[in-house]
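First comes the structure, then the notes that go with it.
The values are calculated or read from the model by the stated rules, or taken from the named source; none is laboratory data. Bear in mind the structure is a predicted one, so any value in this text is a computation, not a measurement. A quick note on method: Cβ atoms are made from the backbone with ideal geometry, for glycine too, and the neighbour counts reach across all protein chains shown. Side chains included, ligands, DNA and RNA excluded: accessible areas come from the protein's heavy atoms. Shrake-Rupley method; radii C 1.70, N 1.55, O 1.52, S 1.80 Å.
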Amino acid sequence: SPERGLLRLVDSEGRPVANQEEAITQAGFETRPVFEEDSSAALRVFEEPDPKAQYIIGCDVAHGLTRRDASCADVLKLTPAGTDLLLEQVAQYHGWVNPLIYAEELFKLALFYGIGRTATTIIERNGPGMALIQRLSDFGAWFLFQDIANIAGVRQMAEQQYGIDTDLRSKQVIISALQQKIRARRYGRVGIIIRAAE
């Protein structure tokens with residue numbers, strides 16, 4: 001079963017920093033948040049970070065209203081298997097949180113699973129996603145997924161589109177890819193391991 005808890009940035013003595021937002025703006029590759037158990041927290045950790053592993057974080061952003069959808073970030077460990085890739089859910093942040101607070105939690109989550117390099121974080125841009133991306137950019141987040149649809153614009157630094165747009169067509173592609181990974185596991189092939197039953 002997962003451990004529930006919070007991630008906190010600490011000082012050089014290992015004490016939690018009082019102003020987490022300020023600590024985030026000063027964080028670097030070597031910054032490592034500390035996990036603190038809390039049974040009511042939104043973060044569930046199924047597997048501790050492995051310094052040799054590679055991780056990505058997929059994020060869906062909600063408005064933070066309790067009667068609507070929750071924001072959710074899934075941390076996936078990527079393990080090469082021949083010409084395929086095993087995706088394994090190792091953590092999940094799921095809660096009704098303001099996008100600006102969510103940005104702080106995602107920043108710490110990317111540092112926690114990045115271990116010296118941070119986990120690439122892919123955010124759905126639609127709706128409140130742009131506010132989240134802007135907040136992470138304000139923090140100096142260097143680990144955001146960049147959409148390179150216009151490669152010439154990206155090379156010239158004229159266009160920096162972070163995150164991904166989703167629409168009816170792209171969601172169908174994403175769902176089909178997930179279904180294919182789930183089916184692969186049923187037939188004994190490399191696929192995806194989802195640990196959050198919900």
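With respect to the numbered conditions (1) open to solvent by less than 30 Å² (accessible area, probe 1.4 Å); (2) modelled with pLDDT under 85; (3) not in a helix (DSSP H, G or I), which one is the sole condition not fulfilled by Ala197?
(1)
Yes or no: Asp60 open to solvent by 40 Å² or more (accessible area, probe 1.4 Å) and closer than 15 Å to Ala103 by Cβ?
yes
Cβ-Cβ under 9 Å, sequence separation 6+ or interchain: first residue in region 92-103 and within 25 Å of Ser1 (Cβ to Cβ), partner open to solvent by less than 20 Å² (accessible area, probe 1.4 Å) and part of a helix (DSSP H, G or I). Which pairs?
Within 9 Å, the pairs are Tyr93/Tyr102; Tyr93/Leu106; Tyr93/Leu109; Gly95/Tyr102; Tyr102/Leu132.
Say whether the condition of being touching a Lys or Arg at 6+ places or on another chain (Cβ under 8 Å) and under 19 Å from Ala103 (Cβ atoms) is met by at least one residue in region 63-72.
No: zero hits.
For the list (1) within 17 Å of the chain's Cα centre (by Cα); (2) more than 28 Å from Gln146 (Cβ to Cβ); (3) open to solvent by 30 Å² or more (accessible area, probe 1.4 Å), I need the number of the one condition that Ser39 fails.
The single condition Ser39 does not satisfy is (1).
Among the residues of region 119-137, what is the count of those that are in contact with a strand residue (DSSP E or B) (Cβ under 7 Å, 6 or more places away or on another chain), over 20 Å from Gln26 (Cβ atoms) and assigned to a helix (DSSP H, G or I)?
Looking only at that region, the number is 3.
Which one of these does Phe46 not meet: (1) touching a residue at least 40 places away in the same chain (Cβ under 8 Å); (2) open to solvent by 40 Å² or more (accessible area, probe 1.4 Å); (3) touching a Leu at 6+ places or on another chain (Cβ under 7 Å)?
(3)
Which residue pairs have Cβ atoms closer than 8 Å, lie 6 or more positions apart in sequence or on different chains, and pair a first residue in region 1-12 that is over 8 Å from Leu43 (Cα atoms) with a second residue that is at pLDDT 95 or above and part of a loop (DSSP other than H, G, I, E, B)?
Once the first residue is over 8 Å from Leu43 (Cα atoms) and sits in region 1-12, its partners that are at pLDDT 95 or above and part of a loop (DSSP other than H, G, I, E, B) give Pro2/Phe46.
What number goes with the only condition from (1) more than 14 Å from Cys59 (Cβ to Cβ); (2) open to solvent by less than 60 Å² (accessible area, probe 1.4 Å); (3) of a type outside the set (Gly, Ala, Ser); (4) modelled with pLDDT of 85 or more that Gln180 does not pass?
Going through (1) more than 14 Å from Cys59 (Cβ to Cβ); (2) open to solvent by less than 60 Å² (accessible area, probe 1.4 Å); (3) of a type outside the set (Gly, Ala, Ser); (4) modelled with pLDDT of 85 or more one by one, Gln180 breaks only (2).
Return the only residue of Val45, Val10 being over 20 Å from the mean Cα position of the chain (by Cα) and either more than 24 Å from Pro128 (Cα to Cα) or not hydroxyl-bearing (Ser, Thr, Tyr) (or both).
Val10
When you scan region 83-118, how many residues do you find that are touching a Gly at 6+ places or on another chain (Cβ under 8 Å) and in a strand (DSSP E or B)?
Residues in region 83-118 being touching a Gly at 6+ places or on another chain (Cβ under 8 Å) and in a strand (DSSP E or B): 2 in total.
Write out, first by first residue and then by second, each pair whose Cβ atoms fall under 7 Å of each other, whose residues are 6+ apart or on separate chains, and whose first residue, in region 16-35, is more than 18 Å from Ile115 (Cα to Cα) while the second is open to solvent by 60 Å² or more (accessible area, probe 1.4 Å) and modelled with pLDDT of 90 or more.
Qualifying pairs under 7 Å: Pro16/Arg8; Gln20/Arg8.
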